[in-house]
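The next block holds one structure in the form of structure tokens; read it before the comments.
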Amino acid sequence: MEFKVSKELILQLEEHIVQKNDKELEVLLNDLHHADIAEILDEMDFDEATYIFRVLDSDKTAEILLELEDDLRENILSRLSPKEIAEELDELETNDAADIIGELSQEIKAEVISEMLDVEHAKDIVDLLRYDENSAGGLMGKELVKVNENWNVLTCVKEMRIQAENVSRVHSIYVVDDENRLKGRLSLKDLLTTSTKTQIGDIYIRKLNFVNVDTEDVEVARIMQKYDLEAIPVVDELGRLVGRITIDDIVDVIKDEADKDYQMAAGITQDVETNDSVLELTKARLPWLLIGMVIEIVASFVLKGNEGLFQKYSTLFIFVPLLSATAGNIGVQASAIVVQGLANGTLKEFSRGYFTKEITVSMISGSIISLLLLGFHSIMYQQYLVGIAISISMIVVILFAATLGTLVPLFLHKNKIDPAIATGPFITTTNDVFGIMLYFGVARIILGF
């Protein structure tokens, strides 16, 4: 059953904080999962959250740090001494510790590292800090279990016991050579059912998925999703095993990427959160609004250029909002499916078959909409030629919108630009201008104006 923060619990905690009853605070919180405690702290003010954080043991608070909202974590870290931060990082796996220490200033970062008790742990964290945070190197942790291909099974088991003490969960046993180059993986079943004198080189599995330290995080996520991997090893330029990435880190990547694409589709140009400042939110949202305004001004000039047509056939103007809305919806639908296909790998580049399918779907949809529109116009206005002009124009505009919605994301993807921008204001505003131009162009031809 999922934990929910209650007002009663918050009031209880606040009362114990006022009374400085640390033991009662520990009793209330010790049985809760660290993610639930983080949720509670996010509901409290900074002073109260910091007080509770100091009361709990570092083995628990270290995990809580990872779950806190960015602003609260930053505030708590600013109130801790370098030694206290170092104590927290000593409890974390290397990749999580590197994420937290990466948020600190250079001066504090150096002090924290110097205060860490586990020197090897500190070295591993420093090594991870040199990688781009959006790469496999930035995601990986150093904790893993590896064995040498020249060992026998007995030696292997002894070494694994020693290494496993520093690993919270053993996903795989990796096999390396004397130069630490990744050779394959070892099956636990083979290890348990083989003679203790057997060489690891005779039983390990050579086929293995792995990524390079420079592989982009989204590509790592795609590979792990494709092959249903719980963990994947990371190698450097020489093929040496340097770390592993686990599924919990990839879930965060997938979530962050989905959030980014959702915001981009809505015309938000920067990654923002609800608790960001008014200035940051405005800067993220204003650019596409200004671009949209310019494009809509162009559309207004197109309308102005067709005033004579309006005066003679006034019902043409009535259906302009319907035209814009329908074309925008068709374009967004087409682009959304293409972007989804590019994201999950089912569509890698332009496909004539898929393009034909999309145009066929749009043609059927456009025909149904246009026939209904023709019937409505004929009943309401009895201007049959104008109704035919509007209906045919609608089909043309829908086909254009579907073509634009299909091809633009593919073009952006080919040129290494995030195609998610094609699912929002870009498509709708572009369709407005060209859709209106096509609408009146076709209408002029049919009506002989």
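The figures follow:
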| quantity | calculated |
| --- | --- |
| Any hit, segment 72-80, residues being farther than 24 Å from Ser277 by Cβ, open to solvent by less than 10 Å² (accessible area, probe 1.4 Å) and part of a helix (DSSP H, G or I) | no |
| Where Thr196 falls short, out of the listed (1) among the hydroxyl-bearing types (Ser, Thr, Tyr); (2) within 19 Å of Glu143 (Cα to Cα); (3) part of a loop (DSSP other than H, G, I, E, B) | (2) |
| From Thr360, Thr406, Thr346, Thr356, residue being over 18 Å from Thr315 (Cβ atoms) and crowded, with 22+ Cβ neighbours inside 10 Å | Thr406 |
| Given (1) touching a helix residue (DSSP H, G or I) at 6+ places or on another chain (Cβ under 9 Å); (2) open to solvent by less than 60 Å² (accessible area, probe 1.4 Å); (3) within 18 Å of Val213 (Cα to Cα), index of the condition Glu133 fails | (2) |
| Top-ranked residue in segment 1-52 [being over 24 Å from Asp70 (Cα atoms) and in a loop (DSSP other than H, G, I, E, B); ranked as modelled with the lowest pLDDT] | Met1 |
| Residue list for segment 53-94, filter: hydroxyl-bearing (Ser, Thr, Tyr) and modelled with pLDDT under 85 | Ser58 |
| Hey, Phe434 under 18 Å from Ser324 (Cβ atoms) and aromatic (Phe, Trp, Tyr) or not | yes |
| Those residues of segment 409-424 which are open to solvent by less than 30 Å² (accessible area, probe 1.4 Å) and over 16 Å from Lys348 (Cβ atoms), in sequence order | Ala420, Ala422, Thr423, Gly424 |
| Residues located in segment 92-126, provided they are part of a loop (DSSP other than H, G, I, E, B), touching a helix residue (DSSP H, G or I) at 6+ places or on another chain (Cβ under 8 Å) and surrounded by 17 or more Cβ atoms within 10 Å (Cβ to Cβ) | Leu92, Leu104, Met116 |
| Gly328 being over 24 Å from the mean Cα position of the chain (by Cα) and at pLDDT 80 or above | yes |
| Cβ-Cβ under 7 Å pairs, at least 6 apart or on other chains, segment 163-181 side over 23 Å from Lys207 (Cβ atoms), far side at pLDDT below 85 and surrounded by fewer than 18 Cβ atoms within 10 Å (Cβ to Cβ) | Ala164/Val170 |
| Selection within segment 217-235 - surrounded by fewer than 16 Cβ atoms within 10 Å (Cβ to Cβ) and touching a strand residue (DSSP E or B) at 6+ places or on another chain (Cβ under 9 Å) | Glu219, Glu230 |
| Criterion (hydrophobic (A, V, I, L, M, F, W, C), part of a helix (DSSP H, G or I), out of contact with any helix residue (DSSP H, G or I) (no Cβ under 7 Å at 6 or more places or on another chain) and closer than 19 Å to Ser314 by Cβ) met by exactly one of Ile379, Ile446 | Ile379 |
| Subset tally (residues that are farther than 18 Å from Leu129 by Cα and at pLDDT 90 or above) for segment 212-226 | 5 |
| Segment 236-257: number of residues that are open to solvent by 10 Å² or more (accessible area, probe 1.4 Å) and either free of Cβ contacts under 8 Å to residues at least 60 places away in the same chain or not in a strand (DSSP E or B) (or both) | 14 |
| Which listed residue, of Lys348, Lys357, is without any contact (Cβ under 8 Å) to a residue 12 or more places away in the chain, out of contact with any Asp or Glu (no Cβ under 6 Å at 6 or more places or on another chain) and part of a loop (DSSP other than H, G, I, E, B) | Lys348 |
| Selection count, segment 204-214, where residues are open to solvent by 30 Å² or more (accessible area, probe 1.4 Å) and either hydrophobic (A, V, I, L, M, F, W, C) or outside any strand (DSSP E or B) (or both) | 7 |
| Scan of segment 157-176 for residues that are in contact with a strand residue (DSSP E or B) (Cβ under 8 Å, 6 or more places away or on another chain) and part of a helix (DSSP H, G or I), ordered by number | Glu159, Met160, Gln163, Ala164 |
| Boolean, Val408 is part of a helix (DSSP H, G or I) and either under 16 Å from Ile337 (Cβ atoms) or over 41 Å from the mean Cα position of the chain (by Cα) (or both) | yes |
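Residues are listed down the side, and each one gets a yes or a no for (1) under 26 Å from Tyr381 (Cα atoms); (2) β-branched (Val, Ile, Thr); (3) in contact with a Leu (Cβ under 8 Å, 6 or more places away or on another chain); (4) in a helix (DSSP H, G or I):
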site	(1), (2), (3), (4)
Leu289	no, no, no, yes
Val294	no, yes, no, yes
Phe301	no, no, no, yes
Thr326	yes, yes, no, yes
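The values are calculated or read from the model by the stated rules, or taken from the named source; none is laboratory data. Values in this document were obtained by computation on a predicted structure and should not be read as measured data. When we count neighbours, we look across all protein chains shown, and the Cβ atoms used for this are built from the backbone with ideal geometry, even at glycine. SASA here: full protein model, heavy atoms, side chains in, ligands and nucleic acids out. Shrake-Rupley method; radii C 1.70, N 1.55, O 1.52, S 1.80 Å.
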